[in-house]
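**Q** Would you mind keeping the following structure in view while I ask a few things?
Please treat every number below as a calculation from the coordinates, not as lab data. Bear in mind that the values here come from a model prediction, so they are computed numbers and not experimental data. Ideal geometry is used to build each Cβ from the backbone, glycine not excepted, and the neighbour counts take in all protein chains shown.
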Amino acid sequence: MELNKNERMIAVLVGKERYASNRKKGIVNQKAGTMSAYETEVEGVGGELAFAKACNLYPDFATIPGKYDFLAHGMTVDVKTTRHKNGRLLVSSTKKISECDAYVLIVGSMPRYEIIGWAYAPEIINKEHLGELGNGPVYMMNQSELHNFPENLLKPWGKK
C-alpha cells in the first residue's frame, strides 16, 4: 500500500499534532523501538492511513490518545506500525484485553506500508507473549503467529 502525496502530508501533520499534544499533556510515548517519539507518531499515522485505505475506512485524525484506532464491523482495531521488515506485533504491557478487540501489524515507512497480519486481543495479551525488548515489558507476537490479512478481517468480523 502506497500513500499518495496528500496522504503523506496528512500523516506528517497529524503525527506532528499528536506528538505536540501528547508532550503538552505529559503523556509518554510507550514505543518499544529506537525511533524518536516524533518519528514513531508520524509513522504510526502513516500505518493507520494505509490500513484505512486498504479497508475503505475513514481514519481517526484525533490528536488525543485513545484505546483503539478504528471501529469496523462492530470490532475495535489498534494498528501497530514498525519499520522492521521482520518486526513483531508489539502491544504495551499496560493494555487490557477489554480495551480493544484486535491488533494489526503494519510494516514499512513513509510512503510504503504492508499489512502483515492481525491477532485478537486475547491471542497476544497473555503471559505466553509477554517479553522484554529493553524498554520494559511488552506483549509481542512473531509475524508467523498472526492471522493473514485480510482473512476474516474485511468480512463482518466475528469475535472468537
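**Q** Is there a pair in 5/96; 16/127; 53/96; 5/95; 24/127 whose C-alpha atoms are over 32 Å apart, and which pairs would that be?
**A** On the way: 5/96 36 Å; 16/127 34 Å; 53/96 27 Å; 5/95 34 Å; 24/127 34 Å.
Result: 5/96; 16/127; 5/95; 24/127 exceed 32 Å.
**Q** Next up: Over the chain, what lengths in whole Å, largest first, do the semi-axes of the equivalent ellipsoid take, defined as the square roots of 5 times the eigenvalues of the alpha-carbon gyration tensor? Display every interim value, and only then the final one.
**A** Numbers: eigenvalues 93, 75, 46 Å².
For the chain, the ellipsoid semi-axes come out as 22, 19, 15 Å.
**Q** Extending each Cα 7 Å along its Cβ direction at residue 58 and residue 6, get the distance between those two points in nm, one decimal.
**A** Reported label-point gap for residue 58 and residue 6 is 1.5 nm.
**Q** Okay, next question. Relative contact order for region 5-148: what is it in percent, counting Cα pairs under 8 Å that are at least 6 residues apart?
**A** Relative CO of region 5-148 lands at 20 percent.
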